[in-house]
Amino acid sequence: MDTKLVRAFTKICTDGYNQGWHERNGGNLSYRMKDEEVEEIKDQLNEEAEWLEIGTSVPDLKNEYFMVTGSGKYMRNIQLDFEDNVAIIRVNEDGTKYKIVYGLINGGRPTSELPTHLMNLEVLKHRDPEMRVVYHAHPANTIALTFVLPVNGVVFTREIFEIMTECPVVFPQGIGVVEWMVPGGREIGVKTAKIMETQNVAVWYHHGMFAAGHDFDEAFGLMHTVEKAAEILVKVRSMSNIKINTIEPQGFRDIAEAFNVSIDEKYLFERKTYEIGEKPE
Ligand code: 2HA
Ligand code: ZN
């Protein structure tokens, strides 16, 4: 299969691998397909495939088609063999089952994080029908921060916002966090989808990150921006736990006005010192 969508899906997988975010089979990707994209390849889809349990229910995604990476598959191999590593699935009439209508030609199942991907895509569709991409990766600096920052989305967001001026412009809604949990099931999917009701990025403690977007560029760009800021914060904290200069709360209000974005005041708490990871009063 060689369509514009296949090429764009493949590119983000390769780009993420080249960033070092996809060791072995780490990370996964899903995309809610447009009607015209399904139409384009309709004659290649096997609608006779068996129905399988999703493990959760996503009624508002009924009958829709998704392009998803395969469980245990390596992101670095997608550019070599798309049909072996990626699936197109269709969700059934009540949103509890799916069937593999294309791909995974040598067997296998969609990503182990399928419940999280579909629950996120459902919530994102409610927010904005054109939000179509959910991307999961294991970027090292973001994961490193989860060992030194409290499990607190406000603190995590403020630290990342302060470290690079671009951050509150790119994701003014901030970052949601999920405490360490066993991955792959419904429970972690529910927590992540709750975050995606209002935010585009969720950090899983000691595991990785989920980023959402209208398209692959947006989801990749968001992951890249958070991870770049996390890298700088790791460097700063490696030198000292105290910042002697930083962006002050009023600076963020000025950014919000200049770039016409809305930054929640909860992120703009006053701090007594510039100790990294300090919690608000
Ligand atoms: O695909 O990243 O979270 C492997 C994972 C599971
Ligand atoms: Zn993972």
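The values are calculated or read from the model by the stated rules, or taken from the named source; none is laboratory data. Nothing here was measured: the structure is a model prediction, and the numbers come from that model. All Cβ positions, glycine included, derive from the backbone under ideal geometry; neighbour counts span all protein chains shown.
Just one of the numbered conditions (1) under 21 Å from ASP217 (Cβ atoms); (2) in a helix (DSSP H, G or I); (3) in contact with a helix residue (DSSP H, G or I) (Cβ under 7 Å, 6 or more places away or on another chain) is not true of ASP60: (1).
Within the set of pairs 6+ apart or on separate chains, which have a first residue in the stretch 220-241 that is under 8 Å from ASN141 (Cβ atoms), a second that is aliphatic (A, V, I, L, M) and at pLDDT 95 or above, and C-beta atoms under 6 Å apart? Every condition considered, the pairs that remain are ALA230/LEU145; LEU233/ILE163; VAL234/ALA144.
Residue under question is ARG132, and the condition is that it be under 15 Å from ALA211 (Cα atoms), out of contact with any Leu (no Cβ under 7 Å at 6 or more places or on another chain) and of a type outside the set (Phe, Trp, Tyr); does it hold? Yes; evaluated as a whole, the condition is true for this residue. Of the helices (runs of 4 or more DSSP H) that lie entirely inside the stretch 183-265, those containing 2 or more residues that are touching a strand residue (DSSP E or B) at 6+ places or on another chain (Cβ under 7 Å) and under 20 Å from GLY16 (Cβ atoms) span 186-196, 216-239.
Could you please find all residues in the stretch 120-176 being assigned to a loop (DSSP other than H, G, I, E, B), within 16 Å of ligand 1 (Cβ to nearest atom) and touching a helix residue (DSSP H, G or I) at 6+ places or on another chain (Cβ under 8 Å)?
Kept after step one, since they are assigned to a loop (DSSP other than H, G, I, E, B), are these residues of the stretch 120-176: 128-132, 138-139, 146-152, 164-165, 171-175.
So of that shortlist, the ones also within 16 Å of ligand 1 (Cβ to nearest atom) come out as 138-139, 146.
The one that is assigned to a loop (DSSP other than H, G, I, E, B), within 16 Å of ligand 1 (Cβ to nearest atom) and touching a helix residue (DSSP H, G or I) at 6+ places or on another chain (Cβ under 8 Å): PRO139.
To keep it simple, each residue is scored yes or no on (1) within 16 Å of ligand 2 (Cβ to nearest atom); (2) in contact with a Lys or Arg (Cβ under 9 Å, 6 or more places away or on another chain).
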position: THR3; (1), (2): no, no
position: GLU23; (1), (2): yes, no
position: SER71; (1), (2): yes, yes
position: ARG90; (1), (2): no, yes
position: HIS117; (1), (2): yes, no
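Please determine whether any residue of the stretch 71-84 is in a helix (DSSP H, G or I) and polar (S, T, N, Q). There is at least one residue in the stretch 71-84 that is in a helix (DSSP H, G or I) and polar (S, T, N, Q). Take the conditions (1) within 14 Å of ligand 1 (Cβ to nearest atom); (2) assigned to a helix (DSSP H, G or I); SER112 misses just one of them, which is (2).
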